[in-house]
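Okay, structure first, notes after.
The values are calculated or read from the model by the stated rules, or taken from the named source; none is laboratory data. Predicted model, so just to flag it, every value in this text is computed and none were measured. Quick reminder, even Gly has a Cβ in these numbers, built from the backbone with ideal geometry, and neighbours come from all protein chains shown. Heavy atoms of the whole protein, side chains included, go into the accessibility calculation; ligands, DNA and RNA do not. Shrake-Rupley method; radii C 1.70, N 1.55, O 1.52, S 1.80 Å.
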Amino acid sequence: MPLRTRKKPAPLSAATPVDATAGSAPLHIQIRETIRRQVRDGQLIDKSGRLMTEAELGRYFGVSRITIRNAISPLVSEGMFARTRGRGTFLRSNQPENWVGRLMGFSETIRDAGYQPGAKVLQQGMTNRHDTEVREQLRERAVWQLKRLRLADDTPIAIEHAFYPPDIGLELEKRDLISIIMYRVFEEELGHPIKEAKQTISAALADSTSAKLLGVKGGSPLLAIERLTLGTDGRPLELLRAVYLTDYFRLSISLTRQHS
């Protein structure tokens, strides 16, 4: 679900309370809950998720900047917004990848969410030093691996460690591994149309290496995935293992009830 474009808010009036459910709550609390509600409706933010400035919100609500600051600070503390020095206050969309059945690579999902994707290659090349599961899943004794730190607007948010059959890996090695759109290369350049991917999602804790790379404390919670991507002929094309910062990723599943 992409970030919504900012809508021009209707001015408040005495006949339009800040929050009809807030009762006699202090004004900054009423404004806080109104901001929370209107942002969820796509108002007060632009297409990048940037919240209106304190001055703009002050004019909108007809209150001082101190009141606006007191209203916004708890929303930042609880994680709804993040402040970036020199850029403003941004909605933490928590959804660069929203798993609802579409198979998309990191760069595709990050762009779809309004961020600029990036990467830093940590490791690449042929290896036979991998576990039994990699060997069995890819049906190869030796594989080509690619380990990257993944970025959104230059912020590290994920570590991806992928394994490929040797012929695919050696083709990938010829390409720009920073900006590559992996699944597009599979289908449009290498002639491997994708049929499906099988993905397992679990919780993980940051070890010392991943904590340092992602800029978090050791033991911090991470979202872990393992994904096996298959071609239309059933051939395994990629085994991906990755960990993501929980602030940036969430899982969304549509469930239906079967009736007899």
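Here are some notes:
- log10 of Debye I(q)/I(0), alpha-carbon scatterers only, for segment 104-215 at 0.15, 0.18, 0.21 Å⁻¹: -0.75, -1.10, -1.44
- Per-atom-type breakdown for segment 125-199 gives carbon and sulfur 42% of the accessible area (1.4 Å probe, protein chains only).
- As a calculated quantity, the FRET efficiency between Val76 and Asp131 at R0 = 51 Å, using C-beta atoms, amounts to about 0.80.
- Using 0.36 nm per residue and subtracting the Cα-Cα separation, the extra length available between Arg40 and Ile178 on full extension is 46.3 nm.
- Gain upon complete extension [Glu188, Arg111; 0.36 nm per residue less C-alpha separation]: 25.8 nm
- For the pair Arg59 and Leu122, label points projected 7 Å from Cα toward Cβ lie 4.6 nm apart.
- Rounded accessible area per residue of segment 100-216, 1.4 Å, Å²: 54 Å²
- For Thr84 and Arg235, a Förster radius of 35 Å and the Cβ-Cβ distance give a FRET efficiency of 0.20, rounded to the nearest 0.05.
- Charge tally in the Cβ shell below 13 Å around Val121, where Lys, Arg are +1 and Asp, Glu are -1, Val121 excluded: +2
- Dipole of segment 98-200, positive end: most advanced residue of Val134, Gln199, Gly105 [Cβ charges, Cα centre]: Val134
- Exposure ranking of Val143, Val76 by accessible area [1.4 Å probe, largest first]: Val76, Val143
- Loop-resident GluC sites (Glu not before Pro) (DSSP state other than H, G, I, E or B) in segment 174-247 with no more than 16 further Cβ atoms inside 10 Å of their Cβ: Glu189.
- Counting only protein heavy atoms and using a 1.4 Å probe, the accessible area of His192 comes to about 40 Å².
- FRET efficiency, Ala25 to Lys198 (Cβ-Cβ, R0 30 Å, nearest 0.05): 0.05
- Filter on Lys147/Lys174; Lys120/Lys195; Lys174/Lys198; Lys120/Lys212; Lys147/Lys217 - keep pairs with C-alpha separation over 18 Å: Lys120/Lys195; Lys174/Lys198; Lys147/Lys217
- Net charge of neighbours whose Cβ lies under 12 Å from the Cβ of Leu149, counting Lys and Arg as +1 and Asp and Glu as -1: +3
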